[in-house]
Amino acid sequence: MEAGDIRSDEGDARPGGGAARGQWSDGGWKSTSPSRRTVPSSPRLISRTRRAVVETVGDAAITLSFSPRVQYAIYALLFLIGLGMRLVRLGDMAVHHDESLHGYFGYQIAIGNEYAHSPLTHGMLLFELIAGTFFLFGDSEYTLRLSMVLFGSALILVPVLMRKQLGDVGALLTSVMLTFSPALFYFSRFARNDIIMAFFIALLVVAMWRYVETQRYRWFYISAAVLALGMATKETTYIFVVIFAAYFAWMTRYEIRDVILGNMRLNEISPMGHLLVLLIGLTAPFYAAGIALFQDLFGLTLAAVEGIPNVATGAPDGSTATIVAATITLIILAFGIVIGAWWNWRRFWVALAIFWAIYVVVMTNFGSHYPGVITGVWQSLGYWLAQHDVRRGEQPWYYYFLLGSVYEFLPMLSAMGIAAYYAIKTGWRSIGLVAISIISFAISTTLIYTQYHHNPEPPSELLVIPFVVLAFVTTIFIPLTLNTSRFMQFLLFWAFASFLAFSAAGEKMPWLLAQLTVPFIFVAGHGLGTLFRFVDWGVVWRHRGWAAFALVPLFLIALYRLVFFEFYDNFDISNSRDLAQFLELWALIAFCGICILLLVQSAMARGFRQVLAVSAVALVAIMFAFTSRAGMIAVFTHGDIPKDMLVYTQTTQDLHQTAKEIDLARELAWNKSDFSLAIDTRDGFAWPWSWYLRDYEGVGYVSLEGQGASVNDNRTVVVINARNHDNVKDGLPEGFEEGRHMIHRWWFPEVYKNKTPGDVWNGLINRDLLRPIADFWFHRKLPTDIGYIDAYVYFRNDTPQAPLR
């Protein structure tokens with residue numbers, strides 16, 4: 001079989017059977033079906049085709065000098081390291097508000113109670129996984145997070161399946177970054193579905209590109225299965241599906257044109273076209289709720305906003321709206337099925353059956369609540385469209401730039417450097433797009449922020465929107481113009497488009513960084529693996545080129561000292577102390593100059609390319625050390641203390657330890673059935689107490705807000721919001737004397753909001769403004785106090801208590 005010849009698993013290439021015959025050429029995919037035009041198989045064309053196929057799956061693979069068995073041992077070691085990092089002290093951190101929701105409802109499923117799908121808490125798979133671990137290993141803070149640990153650890157091994165595309169070195173570097181990534185590390189120990197989504201999206205990319213390379217339909221069906229699991233996990237799948245479909249549509253645009261014009265049959269399109277059919281055919285009905293964006297034109301409420309009585313957020317309001325929503329969904333579903341059947345009814349029906357079987361089982365909680373399919377298909381998107389303008393968290397558009405600069409600077413800066421390298425390599429076409437993108441972003445942000453802060457009336461949308469659209473479109477198109485492999489183009493497109501989509505979304509949260517980081521890690525792994533090809537390591541070692549590894553970090557340390565160098569007050573060079581400081585300044589300047597001269601001398605002797613490559617590797621090593629440190633600090637030093645942006649808002653150890661004290665008091669009580677609690681519900685205090693008190697029978701969640709609020713006489717423990725404390729404490733029943741102050745929840749100070757481009761520029765050039773940024777980046781010193789909301793806990797005097805060990 002020639003390099004470009006595409007056959008089905010059984011080797012049959014019948015046009016009617018739907019197996020595509022064709023070849024990749026410089027112009028794209030060329031069908032060679034006997035029923036249509038045929039491309040001559042000349043030696044020159046075959047040579048070009050083979051070269052194009054190689055470029056399709058990736059840059060030239062960089063092989064290692066040791067055996068695959070040793071490589072697999074390294075992967076196994078990375079997996080064990082990652083697993084161990086994620087399991088250590090897993091149950092020590094206080095349970096976050098969102099974790100308590102997921103844990104409580106997972107516990108209800110585990111004990112046999114029903115839990116129906118709600119788009120507020122995303123898909124059902126997370127709850128079923130948590131319920132499974134509770135059923136097998138018991139319910140605790142440790143088992144609450146165990147599923148996430150397993151998915152986060154499994155993610156480390158995904159690059160093993162892409163060694164051919166990433167190269168041996170690139171795949172190993174990708175696994176290393178997946179192991180130590182701060183965002184992936186932290187949220188692998190956090191009971192949310194974002195790490196599960198990160199795994200599914202990475203696995204979907206593997207399955208799709210393995211299908212492009214091998215054309216084996218097993219990968220086509222695996223893609224359908226992973227797609228269903230993603231849809232049943234979280235709505236961010238919708239974003240990634242659009243990104244992947246847009247890429248495949250662009251790559252097969254000429255085939256789509258030929259199909260529309262009748263010059264090609266749909267079953268003759270290339271494998272990327274097959275995947276486009278798969279994505280559209282399976283997921284089209286899930287986007288039906290998008291019509292709600294235009295619901296005002298129809299005079300209907302197709303996706304209700306929050307607060308409409310007796311109508312779930314994101315659901316249609318009224319029988320007419322429900323009929324319209326159902327009709328639109330069924331029409332789009334039929335359209336997707338027709339497209340798939342037109343391409344290859346036999347293959348598509350198998351994928352369709354796999355997809356819907358998985359989705360229905362998961363979303364109905366294994367058949368216990370069938371409306372979960374309906375709410376999943378319509379409300380999943382409808383809810384988040386209705387919530388878009390709410391903008392929970394109210395984070396600025398540059399939020400992920402901030403998070404990336406603090407935690408994921410290694411993959412993100414590497415990806416930007418790789419894109420810049422290929423843009424320069426490509427020429428003015430790509431450089432021009434980069435320039436237009438940067439200028440458009442600068443103009444649009446200036447219009448939105450600078451004018452807004454100086455004028456109570458924001459600038460007209462007609463003035464802002466064109467620049468925003470231009471910036472987004474040019475940024476997305478940059479990867480598609482780069483002179484590199486199709487696989488690298490895809491990775492860059494995935495990374496940049498994801499970043500723009502998540503930045504444009506109304507709700508921005510730190511846990512979404514886990515999904516956003518993955519494509520950048522794949523870009524960085526692939527690109528850095530290619531970097532190793534530029535370096536002749538034997539020559540570097542023999543000619544002491546390794547000295548650059550020492551010079552680069554020493555130069556950066558000296559440069560840092562220079563940036564923040566300040567003379568003592570009332571500087572007098574005749575003073576010995578001030579003279580020493582003056583000499584230190586010149587020593588730093590001289591050292592930086594010597595480092596530059598040594599690097600230039602080395603470059604002139606051994607070539608600038610080699611020295612630049614070695615210096616780049618040294619910079620990567622430094623960034624890796626700092627990014628690993630950032631993850632360790634976020635997880636083990638702070639964990640549930642919001643001195644890290646990843647922590648965001650978090651339950652305190654006060655509450656966590658108080659819950660343990662309540663457990664101990666109940667264990668020591670003579671009559672456990674009389675052990676009763678009252679929890680003030682103001683400011684959402686019911687969570688995470690609902691998790692901690694999940695198996696308590698005598699718990700009352702009561703509002704103690706306002707005059708006349710009181711607590712029943714039979715309560716053993718009372719938790720009162722500090723804002724209600726003064727009104728309630730004097731009216732407590734007899735037996736309650738002194739309450740203990742407790743911080744319920746605290747959050748990271750959001751001093752970074754509402755910044756203009758001028759603020760950013762001043763922060764970079766003004767040392768007084770730059771110093772707090774450096775203090776936070778290196779030492780996590782905060783410029784202001786942590787925000788919090790507190791409470792008081794009362795134990796009745798006759799409550800048995802013992803000191804916690």
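Which one of Gly758, Gly731 is closer than 30 Å to Val563 by Cβ, small (Gly, Ala, Ser) and open to solvent by 30 Å² or more (accessible area, probe 1.4 Å)? Can you show your working first?
Values: Gly731 fails: closer than 30 Å to Val563 by Cβ.
Unique residue meeting the criteria: Gly758.
Specify which of the listed residues (Ile641, Ile596, Ile662) is more than 29 Å from the chain's Cα centre (by Cα) and either under 28 Å from Thr179 (Cβ atoms) or open to solvent by less than 70 Å² (accessible area, probe 1.4 Å) (or both).
The match here is Ile662.
Residue-by-condition table, conditions (1) touching a Leu at 6+ places or on another chain (Cβ under 9 Å); (2) assigned to a strand (DSSP E or B):
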{"residue": "Thr627", "(1), (2)": "yes, no"}
{"residue": "Ala634", "(1), (2)": "yes, no"}
{"residue": "Thr637", "(1), (2)": "no, no"}
{"residue": "Asp644", "(1), (2)": "no, no"}
{"residue": "Gln650", "(1), (2)": "no, yes"}
{"residue": "Gln657", "(1), (2)": "yes, no"}
{"residue": "Ser673", "(1), (2)": "no, no"}
{"residue": "Trp687", "(1), (2)": "yes, no"}
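Somewhere in segment 92-99, is a residue within 30 Å of Leu381 (Cα to Cα), of a type in the set (A, V, I, L, M) and surrounded by fewer than 22 Cβ atoms within 10 Å (Cβ to Cβ)?
No; the residues of segment 92-99 include none that is within 30 Å of Leu381 (Cα to Cα), of a type in the set (A, V, I, L, M) and surrounded by fewer than 22 Cβ atoms within 10 Å (Cβ to Cβ).
How do the pairs read when you match residues in segment 757-773 that are touching a residue at least 40 places away in the same chain (Cβ under 8 Å) and closer than 23 Å to Phe441 by Cα with residues anywhere that are surrounded by 14 or more Cβ atoms within 10 Å (Cβ to Cβ) and among the β-branched types (Val, Ile, Thr), using Cβ under 6 Å and keeping only pairs 6 or more apart or on different chains?
Sorted first by the residue in segment 757-773, then by its partner, the pairs are Pro757/Thr445; Pro757/Thr446.
Being aliphatic (A, V, I, L, M), open to solvent by less than 50 Å² (accessible area, probe 1.4 Å) and over 21 Å from Arg145 (Cβ atoms) is true for just one of Leu677, Leu655, Leu668. Which residue is that?
Criteria check complete, one pass: Leu677.
Consider Phe298 carefully, then state whether it is surrounded by fewer than 16 Cβ atoms within 10 Å (Cβ to Cβ), modelled with pLDDT under 90 and either under 29 Å from the mean Cα position of the chain (by Cα) or of a type in the set (A, V, I, L, M, F, W, C) (or both).
Judged against the criteria, Phe298 is a match.
Kindly indicate whether Ile358 is within 25 Å of Thr233 (Cβ to Cβ) and open to solvent by 20 Å² or more (accessible area, probe 1.4 Å).
Values: within 25 Å of Thr233 (Cβ to Cβ): yes; open to solvent by 20 Å² or more (accessible area, probe 1.4 Å): yes.
Spelling it out, Ile358 is indeed within 25 Å of Thr233 (Cβ to Cβ) and open to solvent by 20 Å² or more (accessible area, probe 1.4 Å).
Looking at Glu705, Glu697, Glu667 in this structure, which one is assigned to a loop (DSSP other than H, G, I, E, B), closer than 28 Å to Gln650 by Cβ, under 43 Å from the mean Cα position of the chain (by Cα) and not basic (Lys, Arg)?
Glu705
Answer yes if at least one residue in segment 210-226 is outside any helix (DSSP H, G or I), crowded, with 24+ Cβ neighbours inside 10 Å and small (Gly, Ala, Ser), and no otherwise.
Looking for residues that are outside any helix (DSSP H, G or I), crowded, with 24+ Cβ neighbours inside 10 Å and small (Gly, Ala, Ser), one finds none in segment 210-226, hence no.
Quick check on segment 361-395: of everything there that is over 26 Å from Leu293 (Cα atoms) and over 23 Å from the mean Cα position of the chain (by Cα), which residue is least open to solvent (accessible area, probe 1.4 Å)?
Thr364
Being of a type in the set (S, T, N, Q), modelled with pLDDT of 80 or more and more than 23 Å from Leu184 (Cβ to Cβ) narrows it down to one residue among Ser405, Ser414, Ser437; which is it?
Numbers: Ser405 fails: more than 23 Å from Leu184 (Cβ to Cβ); Ser414 fails: more than 23 Å from Leu184 (Cβ to Cβ).
Selected residue: Ser437, the only one of Ser405, Ser414, Ser437 that is of a type in the set (S, T, N, Q), modelled with pLDDT of 80 or more and more than 23 Å from Leu184 (Cβ to Cβ).
Could you list, in sequence order, all residues of segment 265-280 that are in contact with a Gly (Cβ under 8 Å, 6 or more places away or on another chain) and at pLDDT 95 or above?
Val277, Leu278, Ile280 - these are the residues of segment 265-280 that are in contact with a Gly (Cβ under 8 Å, 6 or more places away or on another chain) and at pLDDT 95 or above.
Report whether or not Ala198 is over 28 Å from Leu275 (Cβ atoms), touching a Ser or Thr at 6+ places or on another chain (Cβ under 9 Å) and either modelled with pLDDT of 95 or more or surrounded by 24 or more Cβ atoms within 10 Å (Cβ to Cβ) (or both).
So Ala198 fails the test.
Only one residue in Leu402, Leu410 is closer than 23 Å to His526 by Cα and surrounded by 14 or more Cβ atoms within 10 Å (Cβ to Cβ), so which one is that?
Every option except Leu410 fails the conditions.
Each row is one residue, and each column tells you yes or no for (1) modelled with pLDDT of 95 or more; (2) among the basic types (Lys, Arg); (3) open to solvent by 10 Å² or more (accessible area, probe 1.4 Å).
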site: Ala501; (1), (2), (3): no, no, yes
site: Ala504; (1), (2), (3): no, no, yes
site: Glu507; (1), (2), (3): no, no, yes
site: Leu513; (1), (2), (3): yes, no, no
site: Ile521; (1), (2), (3): yes, no, no
site: Arg533; (1), (2), (3): no, yes, yes
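Restricting to segment 163-195, give me the number of residues that are crowded, with 24+ Cβ neighbours inside 10 Å, over 15 Å from the mean Cα position of the chain (by Cα) and hydrophobic (A, V, I, L, M, F, W, C).
3
Scan segment 747-797 for residues that are under 26 Å from the mean Cα position of the chain (by Cα) and part of a strand (DSSP E or B) and jot them down.
Trp747, Gly787
State the number of residues belonging to segment 68-87 that are modelled with pLDDT under 95 and within 23 Å of Glu141 (Cβ to Cβ).
0
Starting from segment 615-628, take each residue that is open to solvent by 60 Å² or more (accessible area, probe 1.4 Å) and list its partners that are assigned to a helix (DSSP H, G or I), counting only C-beta distances under 6 angstrom and pairs at least six apart or across chains.
Phe624/Leu410
Here is a list: Trp586, Trp546. Which entry is at pLDDT 70 or above and out of contact with any Cys (no Cβ under 9 Å at 6 or more places or on another chain)?
Among Trp586, Trp546, only Trp586 is at pLDDT 70 or above and out of contact with any Cys (no Cβ under 9 Å at 6 or more places or on another chain).
Return yes or no: is Asp683 more than 30 Å from Leu556 (Cα to Cα), out of contact with any His (no Cβ under 9 Å at 6 or more places or on another chain), touching a residue at least 40 places away in the same chain (Cβ under 8 Å) and of a type outside the set (A, V, I, L, M, F, W, C)?
Values: more than 30 Å from Leu556 (Cα to Cα): yes; out of contact with any His (no Cβ under 9 Å at 6 or more places or on another chain): no; touching a residue at least 40 places away in the same chain (Cβ under 8 Å): yes; of a type outside the set (A, V, I, L, M, F, W, C): yes.
The answer is no for Asp683.
For segment 710-733, name all the residues that are in contact (Cβ under 8 Å) with a residue 12 or more places away in the chain and farther than 20 Å from Ile789 by Cα.
Ser710, Val711, Asn712, Asp713, Asn714, Arg715, Thr716, Gly731, Leu732, Pro733 - these are the residues of segment 710-733 that are in contact (Cβ under 8 Å) with a residue 12 or more places away in the chain and farther than 20 Å from Ile789 by Cα.
The values are calculated or read from the model by the stated rules, or taken from the named source; none is laboratory data. Source: prediction; values computed, not measured. We place every Cβ from the backbone using ideal geometry, glycine too, and count neighbours over all the protein chains shown. When the accessible area is computed, the model is the full protein with side chains, heavy atoms only, and any ligands, DNA or RNA have been set aside. Shrake-Rupley method; radii C 1.70, N 1.55, O 1.52, S 1.80 Å.
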